[in-house]
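Inspection log for the structure reproduced underneath, given as structure tokens.
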Amino acid sequence: MQRIAEKRVIYFDGVCHLCHKSVRFIARRDPHGRFLFSPLQSASGQAVMKRLDMDQQQPGSIILADEDRLFTRSAAALRIAGRLRAPWPLLRIFWIVPRPLRDAIYDWIARNRYRWFGKMDACPLPDEDLRDRFVVE
């Protein structure tokens with residue numbers, strides 16, 4: 001595990017199966033290790049949620065901390081996709097879709113993610129191959 005330096009940090013719902021699968025997906029397609037990961041349930045995740053005035057008991061969005069800026073929902077997802085190995089940067093085409101529509105689709109998936117993909121009782125330890133990509137608080 002490492003500390004935040006000049007890297008981008010993805011804060012994700014640590015008890016969501018879809019979110020854990022997404023972290024593994026991103027890590028495999030980020031060969032330069034540009035992204036670090038931290039559960040929203042961590043101390044830094046809670047602080048970021050508080051800074052954004054988000055419900056800390058019901059995390060409903062991924063958050064990307066990128067160079068002193070915070071991105072949520074579809075903006076975070078598209079910025080992440082844009083920095084992955086090809087062909088994923090092609091998803092940047094969706095920037096042309098108005099944000100309210102992109103976020104409505106994102107919110108629909110977020111509201112249903114536990115029902116569709118399941119929920120864990122607690123945030124598990126990261127897999128051995130990802131441990132050095134998780135932020136230590």
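Charge dipole of the range 8-132 (Cα centre as origin; +1 on each Lys and Arg Cβ, -1 on each Asp and Glu Cβ, all else neutral): 460 debye, rounded to the nearest 20.
Centre-to-centre separation between the Cα atoms of the range 10-37 and those of the range 51-125: 11 Å. Computed from the Cβ-Cβ distance with R0 of 35 Å, the FRET efficiency linking Asp53 to Arg85 stands at 0.55. Each label point was placed 7 Å from the Cα along the Cα-to-Cβ direction; for Phe117 and Arg34 their separation is 2.1 nm.
The length gained on full extension between Trp95 and Trp108, counted as 0.36 nm times the residue separation minus their Cα-Cα distance, comes to 2.9 nm. Of the peptides 120-128, 26-34, 43-51, the ranking by mean beta-carbon count within 10 Å, highest at the top, reads 43-51, 26-34, 120-128. Extents of the chain, taken as max minus min of Cα coordinates on every principal axis and listed largest first, are 37, 32, 28 Å.
For the chain, the relative contact order works out to 38 percent when only alpha carbon pairs closer than 8 Å and six or more residues apart are counted.
At a Cβ-Cβ separation cutoff of 4.7 angstrom, cysteine residues of the chain with no neighbouring cysteine are Cys123. Between the listed residues Leu52, Trp95, Gly118, the Cα displaced farthest toward the positive end of the dipole of the range 43-137, a dipole computed from Cβ unit charges relative to the Cα centre, is found at Trp95.
Could you list the trypsin sites (Lys or Arg not before Pro) in the range 82-132 that lie in coil according to DSSP, counting only those with at most 12 other Cβ atoms within 10 Å of their Cβ? Those satisfying the criteria are Arg85.
Taken together, the values in this text are just the output of simple stated rules run on the coordinates, not laboratory data. Keep in mind the model is a prediction, meaning the values are calculated, not measured. Glycine gets a Cβ as well: all are built from the backbone with ideal geometry, and neighbour counts include every protein chain shown.
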